[in-house]
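These notes are about the structure you will find just below.
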Amino acid sequence: MDSSVVFNVVTTAIAVVAVVTSIVFSTRQARIAKHANHISVLIDLLREFRSAEFHDQHDYVCTRLRAEHDPEDGVRGLPPEAKAAFCSVVYYYQSFANLAVFGLLDQTLLVTVLRTRIVSVWKAVRPFVERERELRGEGSTGTYLSTFEELARLAAALPPQHVRDQMAEARRRLPRNGLMGGRG
(Lines give C-alpha, C1' and ligand atoms only; values in the text may rest on other atoms or scores of the structure.)
Protein backbone atom coordinates (compact mmCIF):
# COMPACT_ATOMS: atom_id res chain seq x y z
CA MET A 1 0.00 0.00 0.00
CA ASP A 2 1.22 3.44 -0.87
CA SER A 3 2.22 5.69 2.06
CA SER A 4 0.05 8.53 0.76
CA VAL A 5 -3.04 6.27 0.87
CA VAL A 6 -2.22 5.26 4.46
CA PHE A 7 -1.70 8.92 5.35
CA ASN A 8 -5.09 9.87 3.81
CA VAL A 9 -6.91 7.04 5.62
CA VAL A 10 -5.37 8.01 8.97
CA THR A 11 -6.14 11.73 8.53
CA THR A 12 -9.71 10.91 7.45
CA ALA A 13 -10.17 8.67 10.49
CA ILE A 14 -8.85 11.42 12.77
CA ALA A 15 -11.24 13.93 11.16
CA VAL A 16 -14.21 11.57 11.63
CA VAL A 17 -13.31 11.00 15.30
CA ALA A 18 -13.01 14.79 15.79
CA VAL A 19 -16.42 15.42 14.21
CA VAL A 20 -18.12 12.67 16.23
CA THR A 21 -16.49 13.92 19.45
CA SER A 22 -17.61 17.46 18.67
CA ILE A 23 -21.20 16.32 18.07
CA VAL A 24 -21.27 14.31 21.31
CA PHE A 25 -19.93 17.22 23.37
CA SER A 26 -22.22 19.81 21.78
CA THR A 27 -25.28 17.58 22.38
CA ARG A 28 -24.25 17.14 26.00
CA GLN A 29 -23.65 20.89 26.39
CA ALA A 30 -27.12 21.66 24.97
CA ARG A 31 -28.70 19.23 27.44
CA ILE A 32 -26.80 20.81 30.35
CA ALA A 33 -27.85 24.30 29.23
CA LYS A 34 -31.49 23.21 29.05
CA HIS A 35 -31.32 21.81 32.58
CA ALA A 36 -29.66 25.03 33.78
CA ASN A 37 -32.64 26.98 32.40
CA HIS A 38 -35.04 24.68 34.24
CA ILE A 39 -33.18 25.12 37.50
CA SER A 40 -33.07 28.93 37.38
CA VAL A 41 -36.79 29.17 36.51
CA LEU A 42 -37.67 26.71 39.26
CA ILE A 43 -35.59 28.57 41.83
CA ASP A 44 -37.20 31.90 40.90
CA LEU A 45 -40.70 30.49 41.23
CA LEU A 46 -39.93 28.65 44.45
CA ARG A 47 -38.76 31.91 46.05
CA GLU A 48 -42.40 32.84 46.71
CA PHE A 49 -43.00 29.34 48.05
CA ARG A 50 -40.74 30.17 50.97
CA SER A 51 -42.94 33.04 52.19
CA ALA A 52 -45.17 32.54 55.22
CA GLU A 53 -47.88 34.64 53.57
CA PHE A 54 -48.02 32.28 50.58
CA HIS A 55 -48.43 29.29 52.91
CA ASP A 56 -51.18 31.05 54.84
CA GLN A 57 -53.00 31.74 51.57
CA HIS A 58 -52.38 28.19 50.39
CA ASP A 59 -53.87 26.77 53.60
CA TYR A 60 -56.84 29.13 53.30
CA VAL A 61 -57.54 28.06 49.70
CA CYS A 62 -57.25 24.36 50.52
CA THR A 63 -59.14 24.29 53.81
CA ARG A 64 -61.47 27.26 54.11
CA LEU A 65 -62.34 28.67 50.67
CA ARG A 66 -65.14 26.21 49.89
CA ALA A 67 -66.35 26.11 53.47
CA GLU A 68 -66.72 29.89 53.64
CA HIS A 69 -67.79 30.74 50.08
CA ASP A 70 -70.28 29.39 47.57
CA PRO A 71 -68.79 28.75 44.11
CA GLU A 72 -72.10 29.89 42.55
CA ASP A 73 -70.68 33.36 41.79
CA GLY A 74 -67.40 31.99 40.40
CA VAL A 75 -64.05 33.55 41.12
CA ARG A 76 -65.40 37.02 40.36
CA GLY A 77 -67.88 36.72 43.21
CA LEU A 78 -65.29 36.10 45.91
CA PRO A 79 -64.74 38.86 48.47
CA PRO A 80 -61.41 40.73 48.17
CA GLU A 81 -59.40 38.73 50.72
CA ALA A 82 -60.59 35.38 49.38
CA LYS A 83 -59.96 36.49 45.80
CA ALA A 84 -56.45 37.68 46.76
CA ALA A 85 -55.64 34.27 48.26
CA PHE A 86 -57.17 32.48 45.26
CA CYS A 87 -55.19 34.55 42.75
CA SER A 88 -51.93 34.32 44.67
CA VAL A 89 -52.06 30.55 44.99
CA VAL A 90 -53.79 29.50 41.78
CA TYR A 91 -51.87 31.81 39.48
CA TYR A 92 -48.64 30.70 41.14
CA TYR A 93 -49.30 27.14 39.96
CA GLN A 94 -50.68 28.44 36.66
CA SER A 95 -47.28 30.09 36.07
CA PHE A 96 -45.57 26.71 36.49
CA ALA A 97 -48.12 25.11 34.19
CA ASN A 98 -47.59 27.74 31.48
CA LEU A 99 -43.82 27.30 31.62
CA ALA A 100 -44.25 23.54 31.31
CA VAL A 101 -46.64 23.87 28.34
CA PHE A 102 -44.08 25.99 26.47
CA GLY A 103 -41.20 23.67 27.30
CA LEU A 104 -39.37 26.09 29.59
CA LEU A 105 -39.77 23.81 32.57
CA ASP A 106 -39.82 20.05 32.75
CA GLN A 107 -43.37 19.11 33.75
CA THR A 108 -42.30 15.77 35.24
CA LEU A 109 -39.88 17.59 37.55
CA LEU A 110 -42.55 20.10 38.47
CA VAL A 111 -45.24 17.52 39.10
CA THR A 112 -42.82 15.38 41.11
CA VAL A 113 -41.82 18.27 43.35
CA LEU A 114 -45.26 19.84 43.87
CA ARG A 115 -47.63 16.91 43.25
CA THR A 116 -49.62 16.91 46.50
CA ARG A 117 -50.01 20.68 46.61
CA ILE A 118 -51.11 20.96 42.98
CA VAL A 119 -53.74 18.27 43.46
CA SER A 120 -55.08 19.73 46.71
CA VAL A 121 -55.34 23.26 45.29
CA TRP A 122 -57.12 22.08 42.15
CA LYS A 123 -59.57 20.03 44.22
CA ALA A 124 -60.37 23.11 46.33
CA VAL A 125 -60.78 25.60 43.46
CA ARG A 126 -62.27 23.42 40.74
CA PRO A 127 -65.93 24.37 41.44
CA PHE A 128 -65.02 28.08 41.37
CA VAL A 129 -63.09 27.70 38.11
CA GLU A 130 -65.83 25.68 36.42
CA ARG A 131 -68.46 28.21 37.46
CA GLU A 132 -66.24 31.08 36.31
CA ARG A 133 -65.97 29.41 32.91
CA GLU A 134 -69.76 29.21 32.74
CA LEU A 135 -70.09 32.88 33.72
CA ARG A 136 -67.58 33.80 31.01
CA GLY A 137 -69.56 31.80 28.47
CA GLU A 138 -66.79 29.22 28.04
CA GLY A 139 -68.65 26.25 29.47
CA SER A 140 -66.93 23.49 31.40
CA THR A 141 -64.23 22.99 28.73
CA GLY A 142 -63.17 26.65 28.63
CA THR A 143 -59.66 28.01 28.63
CA TYR A 144 -59.75 29.81 31.99
CA LEU A 145 -56.97 28.16 34.04
CA SER A 146 -56.92 25.21 31.65
CA THR A 147 -53.15 24.75 31.86
CA PHE A 148 -53.38 24.54 35.65
CA GLU A 149 -56.19 22.02 35.29
CA GLU A 150 -54.04 19.91 32.97
CA LEU A 151 -51.10 20.13 35.37
CA ALA A 152 -53.37 18.96 38.19
CA ARG A 153 -54.57 16.06 36.02
CA LEU A 154 -50.97 15.02 35.37
CA ALA A 155 -50.11 15.39 39.06
CA ALA A 156 -53.08 13.28 40.12
CA ALA A 157 -52.10 10.58 37.63
CA LEU A 158 -48.57 10.39 39.00
CA PRO A 159 -48.40 7.71 41.70
CA PRO A 160 -47.37 8.98 45.16
CA GLN A 161 -44.53 6.46 45.10
CA HIS A 162 -42.96 8.40 42.19
CA VAL A 163 -41.21 10.88 44.50
CA ARG A 164 -39.70 8.05 46.54
CA ASP A 165 -38.63 6.28 43.35
CA GLN A 166 -36.92 9.46 42.13
CA MET A 167 -35.09 9.85 45.45
CA ALA A 168 -33.96 6.22 45.33
CA GLU A 169 -32.71 6.71 41.78
CA ALA A 170 -30.79 9.83 42.84
CA ARG A 171 -29.18 7.88 45.69
CA ARG A 172 -28.08 5.19 43.25
CA ARG A 173 -26.43 7.81 41.03
CA LEU A 174 -24.61 9.55 43.88
CA PRO A 175 -21.15 8.52 44.99
CA ARG A 176 -20.99 6.53 48.20
CA ASN A 177 -19.83 9.52 50.25
CA GLY A 178 -23.12 11.39 49.84
CA LEU A 179 -24.77 14.33 48.18
CA MET A 180 -22.13 16.96 48.78
CA GLY A 181 -19.16 14.64 48.69
CA GLY A 182 -18.51 15.09 52.40
CA ARG A 183 -19.29 13.21 55.53
CA GLY A 184 -22.22 15.30 56.79
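The values are calculated or read from the model by the stated rules, or taken from the named source; none is laboratory data. Quantities reported herein were computed from a predicted structural model and do not represent experimental measurements. FYI the Cβ positions are ideal-geometry reconstructions off the backbone, even for glycines, and counts take in every protein chain you see. In case anyone asks, the SASA skips ligands and DNA or RNA and just uses the protein heavy atoms, side chains included. Shrake-Rupley method; radii C 1.70, N 1.55, O 1.52, S 1.80 Å.
Structural remarks
- Within the stretch 142-157, being open to solvent by 30 Å² or more (accessible area, probe 1.4 Å) and not in a helix (DSSP H, G or I) holds for one residue alone: Thr143.
- Within the stretch 106-141, the set of residues being more than 16 Å from Val90 (Cβ to Cβ), in contact with a helix residue (DSSP H, G or I) (Cβ under 7 Å, 6 or more places away or on another chain), not charged (D, E, K, R) and not in a loop (DSSP other than H, G, I, E, B) comprises Gln107, Leu109, Val111, Thr112.
- Listed by first and then second residue, the pairs with beta-carbon distance under 8 Å, at least 6 apart or on different chains, first residue in the stretch 161-184 and farther than 18 Å from Leu109 by Cβ, second surrounded by 10 or more Cβ atoms within 10 Å (Cβ to Cβ) and modelled with pLDDT of 80 or more, form an empty list.
- Subset of the stretch 120-144 (residues that are at pLDDT 95 or above and either of a type in the set (S, T, N, Q) or under 30 Å from Gln166 (Cα atoms) (or both)): Ser120, Val121, Trp122, Lys123, Ala124, Val125, Arg126
- Residue within the stretch 68-81 that is of a type in the set (A, V, I, L, M) and within 30 Å of Leu135 (Cα to Cα) present: yes
- Residues located in the stretch 70-89, provided they are crowded, with 18+ Cβ neighbours inside 10 Å and part of a loop (DSSP other than H, G, I, E, B): Gly74, Val75, Leu78
- Enumeration of residues in the stretch 106-120 that are within 15 Å of the chain's Cα centre (by Cα) and either touching a residue at least 40 places away in the same chain (Cβ under 8 Å) or open to solvent by 50 Å² or more (accessible area, probe 1.4 Å) (or both): Asp106, Gln107, Thr108, Leu109, Leu110, Val111, Thr112, Val113, Leu114, Arg115, Thr116, Arg117
- All conditions in (1) hydroxyl-bearing (Ser, Thr, Tyr); (2) surrounded by 10 or more Cβ atoms within 10 Å (Cβ to Cβ); (3) free of Cβ contacts under 8 Å to residues at least 24 places away in the same chain hold for Tyr92, with the sole exception of (3).
- If you go through the stretch 98-113 and keep only what is of a type in the set (Val, Ile, Thr) and within 24 Å of Asp165 (Cα to Cα), you end up with Thr108, Val111, Thr112, Val113.
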